[in-house]
Amino acid sequence: MSQPPLSANGARVLADLNALRAIGAYKSGVHKPTFSEPHLASLKWLLAKLPEAGLTGAIDGIGNVLTRSEKAGPKLLAGSHLESQNHAGWLDGPLGVVYALEAARVLNTDPAVAGSVELAAWCDEEGHFGQFLGSRSYVGAVAEAEIDAARDRTSGRSMREALKAAGLAGIARGSAEPGRHIGYLEAHIEQGRILQSEGLKIGVVTSIVGIWQYRITFSGEQNHAGTTRMTDRRDAGLALARFCVAIDARFPEICGPRTVWTTGRITLDPGAPSIIPGRAEMLFQMRDADAAVVARLEAALQTMADEVNAQGRCSVTVECLRKGAPAIMDDKFQQAIEAASASIAPGKSLRMPSGAGHDAQVLATIMPAGMLFVPSIGGISHHWTENTSDEDIATGAEVFVEACRRLLMS
Ligand SMILES: [Zn+2]
């Protein structure tokens, strides 16, 4: 009789996650900015674990932990990140790294599995120095000049200085070997409340939203707030406020079911109570998994700007600052996660897009990629109270390891 396949050890996964939480602990979460002492200590903690998983590895010249397995057969790349946002939660990042470590521990040492999991911890997913610098470096999308220019958004320290202090200056950056991996799988906390509110255990990510960002600038006439009659005014601030309200009226008629939009910053110039603003600027962002939806919204934004300009009181320009294409998750990967979930937690999975960015969207540019989510209690993330129940963490680990097995054996 054949033995049942080996599966994830939930207690071991929780012990590892708690060990990582103890490095750079902040309340019940962690404070591990990129290249901080606790971040580097976490990378070293991971290196020390690799032999248990039949892996060798090192930290490369941009702070990625990259590993290799000598086992014959197909290779699956899996991982996430170990740095955190400032004063943030213990699972955003480490969960995916520890699941990948667990998958490597279970599958790489099992002779019944032809193939292995190679683990990666991507540097700076949280964007202290840039946007997905570690994973983008791995796929060949980061030039040296970008690293030269990168600075820590909190401390202002240059990335070159940080790399030098970490002992990583002059070390080569690792890059993807074409054809080495059958794809990339990443687990993450949902960071939303859909799974919890529906009583589900696993999110099967269908796509990762694209992010489009705009600077919308209004020009009017700066003037005295006491002597200028209301009818004579060309108030750029008022035009901006009306524009925000108009967006909220117009967009719901043409957006997709999960489109979100945000005015994240408003600046009035000169910004004084006794001066009518002559200039006003808003930073506006929208996210959707469907590029066609965003194209429609962008066109509406321009039409609304044209309407403001036609009225002639104030003028407005819409400038696109960032165009992020959505990343579609590979169908075979979605099926593997769904099948693994059906075998471990029947009826408890849901296909859903990711509203947050992840390294998987970068890896998806060069290989098939997939993601699975576990529930976030109250949907809270990027805060030290971020949490997932121990039971859900253990279930997620089992599904992740089983999904890796199915991908390697298919
Ligand atoms: Zn994350």
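For this structure, a couple of remarks:
- Computed from Cα atoms, the angle from the helix 236-254 axis to the main principal axis of the chain rounds to 50 degrees.
- Rounded percent of accessible protein surface that carbon and sulfur make up, segment 1-52, 1.4 Å probe: 60 percent
- Whether segment 134-198 is rounded, prolate or oblate, judged on the alpha carbon gyration tensor where a/c under 1.5 counts as rounded: oblate
- Segment 357-410 - Rg (one decimal) and Dmax (whole number), Cα, Å: 13.8, 39
- Calculated FRET efficiency for the pair L14/A41, C-beta based, R₀ 25 Å, to 0.05: 0.80
- Among the GluC sites (Glu not before Pro) within segment 66-136, those in coil by DSSP and having at most 12 neighbouring Cβ atoms inside 10 Å are E70.
- Note on S7 and A299: with the Förster distance fixed at 45 Å, the Cβ-Cβ geometry gives a FRET efficiency of about 0.35.
- Summary of the geometry: segment 83-117 and segment 361-410, compared by the centres of their Cα atoms, lie 9 Å apart.
- Antiparallel DSSP beta bridges within the chain, percent to nearest 5: 70 percent
- When each of K49/K75; K49/K71; K71/K201 is checked by Cα-Cα distance, pairs over 28 Å: K71/K201
- Relative to the longest principal axis of the Cα atoms of the chain, the long axis of helix 331-344 makes an angle of roughly 60 degrees.
- Multiplying each eigenvalue of the alpha-carbon gyration tensor of segment 275-410 by 5 and taking the square root yields semi-axes of 42, 19, 12 Å, largest first, rounded to whole angstroms.
- Fully extending the segment from H382 to A339 would add 12.4 nm, taking 0.36 nm per residue of separation and subtracting the current Cα-Cα distance.
- Residue-by-residue Karplus 3J(HN,Hα) for segment 129-139, coefficients 6.51, -1.76, 1.60, Hz, glycine and proline x: 10, x, 10, 6, 4, x, 5, 5, 4, 4, 8
- Among the protein heavy atoms, those of W261 account for about 60 Å² of accessible surface (1.4 Å probe, every chain in place).
- Gyration tensor over the Cα atoms of the chain: the corresponding equivalent ellipsoid has semi-axes (square roots of 5 times the eigenvalues, largest first) of 44, 24, 19 Å.
- Based on alpha carbons, the Rg and Dmax found for segment 173-287 are 22.4, 72 Å.
- Mean Cβ neighbour count within 10 Å, used as a protection proxy, ranking 288-294, 180-186 highest first: 180-186, 288-294
- Mean Cβ count within 10 Å, highest first, over the residues of peptides 164-171, 365-372, 300-307: 365-372, 300-307, 164-171
- Short-range pairs are left out: with C-alpha atoms under 8 Å and at least six residues apart, the relative contact order of segment 255-410 is 18 percent.
- With Rh defined as the Kirkwood radius, the inverse of the mean 1/r over Cα pairs, the Rg/Rh of segment 253-328 is 1.04.
- Apportionment of accessible area to carbon and sulfur, segment 270-361, percent (1.4 Å): 52 percent
- Restriction of the trypsin sites (Lys or Arg not before Pro) in segment 321-381 to DSSP coil positions whose beta-carbon has at most 12 other beta-carbons within 10 angstrom yields no sites.
- Here segment 1-125 is treated as a sphere whose radius is the Kirkwood value from Cα pairs; by Stokes-Einstein at 10 °C and 1.306 mPa s it diffuses with a coefficient of 108 µm²/s.
- Note: relative contact order over segment 143-268, using C-alpha pairs below 8 Å and six or more positions apart, is 10 percent.
- Equivalent-ellipsoid semi-axes of segment 273-312, from the Cα gyration tensor, Å, largest first: 28, 15, 4
- Dividing the helix sum by the residues of the chain, where each DSSP H run of 4 or more adds -39500 (n - 2.57), gives a mean residue ellipticity at 222 nm of -10500 deg cm²/dmol.
- For segment 200-285, trypsin sites (Lys or Arg not before Pro) meeting the loop criterion (DSSP other than H, G, I, E, B) and having at most 11 other Cβ atoms within 10 Å: R229.
- Residues in segment 219-233 carry Karplus couplings, in order, of 10, x, 9, 6, 7, 5, 6, x, 9, 8, 5, 4, 5, 8, 6 Hz; the curve used is 6.51 cos²θ - 1.76 cosθ + 1.60 with θ = phi - 60°, and Gly or Pro positions show x.
- Over segment 77-182, the hull volume per residue, using the convex hull of the C-alpha atoms, is 115 Å³.
- Annotation: peptides 22-28, 335-341, ranked by per-residue average of other Cβ atoms within 10 Å with the highest first, follow the order 335-341, 22-28.
The values are calculated or read from the model by the stated rules, or taken from the named source; none is laboratory data. Fair warning: this is a prediction, and the values are worked out from it, not measured in the lab. Because the Cβ atoms are built from the backbone with ideal geometry, glycine has one as well, and the counts that use them run over all protein chains shown. Heavy atoms of the whole protein, side chains included, go into the accessibility calculation; ligands, DNA and RNA do not. Shrake-Rupley method; radii C 1.70, N 1.55, O 1.52, S 1.80 Å.
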